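Contents: one structure, followed by commentary.
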Amino acid sequence: MSSQAIYLDSAASTAIDPRVTESMIRALSHCGNPHAQHHTHGALASSMVRQARSHVASAIGASPDEIVFTSGATEANNLAVLGLCSKLRSSGKTHIVVGAVEHSSVLEPLRASSAYSVSVIAPKPCGMIDASMIEPHLTDQTGLVCLQAVNNEVGTIQPVSEVAELLHKRNIFLHCDAAQALGKISFNVRASGVDFATISSHKFHGPPGIGALYIRKELSSTLLPQLFGGGQEQGLRSGTLSTPLCVGFGTACELLDNDNARLWSLRQRFLKALAPLAPTTYEHKDPAWQVPGIISLRFHSIDQETLVMGLPKLSFGTGAACRSRGTTYSHVISAIAGEAASRETIRISLSRMSSEHEVDTASEMIAQFVQSVRKLKEVA
């Protein structure tokens with residue numbers, strides 16, 4: 001079944017590029033621990049990790065020593081948010097501002113920590129949160145603002161540099177979850193002005209299980225580790241690094257390719273085919289603020305479960321993939337359009353590996369199924 005299904009959930013995880021796989025297989029043939037640099041095998045592994053770190057840093061305009069490898073975006077977000085606790089507490093700046101559409105790995109640590117008071121900002125109907133919406137919430141106690149680069153469920157691009165400019169005037173830190181940015185938009189930590197940024201390998205055709213937190217060089221001493229042990233990764237993230245995962249991550253960064261022109265064509269092709277069904281799309285109407293590969297669709301009065309059960313040969317999203325089975329519906333769609341909408345909205349997400357044939361076949365299957373459900377409802 002899985003080999004015959006059409007994959008439309010690339011915002012959850014992209015297929016690994018074969019060239020990334022090849023680089024990881026080569027790395028797997030070496031058995032050295034990258035932290036045991038005193039012998040030949042360890043030194044070779046360390047060299048591979050060092051080169052991978054350089055590729056990751058280059059992809060976002062950072063320096064290699066500003067990159068801390070993690071197990072993925074969730075750990076990186078937790079490290080940024082929770083790691084700032086002591087710094088903010090000691091300076092009396094324990095107020096945090098965050099958007100309601102942030103990823104759960106940003107929102108949940110804030111809910112779990114008693115060290116902060118948190119202001120949660122409702123987004124515009126397109127999912128955007130701009131500087132004018134953030135500014136009224138800032139106080140003398142505000143120490144951190146968290147803002148995504150690209151929303152993972154509706155694909156709205158956030159005005160990160162505009163918000164950074166506002167915050168820097170008031171000496172407030174900005175953390176940016178940029179997990180959905182690489183491969184979709186041009187994201188540069190210097191140009192955007194962020195203090196901390198999260199990226200994740202498997203969002204742009206790299207291996208799952210590895211990500212990174214960018215920490216602006218001047219702020220390297222502001223975070224406290226959340227994992228303790230051997231003091232690897234500048235003392236911020238203990239544990240032996242996986243050389244093959246680091247290598248795969250680095251290779252994926254080398255291969256980054258913005259395929260937006262083709263993805264816009266696929267998006268328009270897909271939505272045109274479904275236009276007779278009049279679905280609601282949650283998106284930014286200005287293409288300059290929307291990534292083409294994420295399509296949030298709602299067919300009124302048809303819930304997600306019905307669509308999932310009725311379309312077994314399509315693999316698509318029903319919210320954030322990181323949420324466990326049995327939890328509530330999308331908090332992003334709820335914040336944008338209400339709880340009823342979150343129960344009826346699915347996410348189609350494409351990548352550079354998606355094809356016209358897949359888009360045409362998928363739109364035809366969805367159209368046929370939605371029409372059949374609507375006819376049954378009319379009869380009933």
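Bear in mind that the values in this text are calculations on the coordinates, not laboratory data. Just so it is clear, the model here is predicted, and its values are computed rather than measured. Cβ: placed from backbone, ideal geometry, glycine included. Neighbour counts: every protein chain shown.
List of remarks:
- Here's how it looks for Thr142: its modeled amide H is under 5 Å from those of His95, which are all 5 or more places away or on a different chain.
- Cα gyration tensor, the chain - rounded (a/c under 1.5), prolate or oblate: oblate
- Contact order, relative form, for the chain: 24 percent (alpha carbon pairs under 8 Å, 6 or more residues apart, mean separation divided by residue count).
- Loop-located trypsin sites (Lys or Arg not before Pro) across region 85-125 with a Cβ neighbour count of 16 or fewer within 10 Å are lacking, with loop assigned by DSSP.
- Percentage relative contact order, region 50-130, counting C-alpha pairs under 8 Å, at least six apart: 25
- Förster radius 51 Å - calculated FRET efficiency between His300 and Arg26, Cβ distance, rounded to 0.05: 0.50
- Potential extension, Trp264-Asp65 segment - 0.36 nm per residue separation minus Cα distance: 68.0 nm
- Projected label points at Glu356 and Ser91, each 7 Å from Cα along the beta carbon direction, are separated by 5.4 nanometres.
- Amide H contacts of Val118: Ile96, each under 5 Å away and 5 or more positions distant or on a separate chain (H built 1.01 Å from N in the peptide plane; Pro and chain starts excluded).
- For Asp177, the residues 5 or more places off, or on other chains, whose built amide H falls under 5 Å of its own are Leu147, Gln148, Ala149, Thr198.
- The chain, dipole about Cα centre (Lys/Arg Cβ +1, Asp/Glu Cβ -1), debye to the nearest 20: 180
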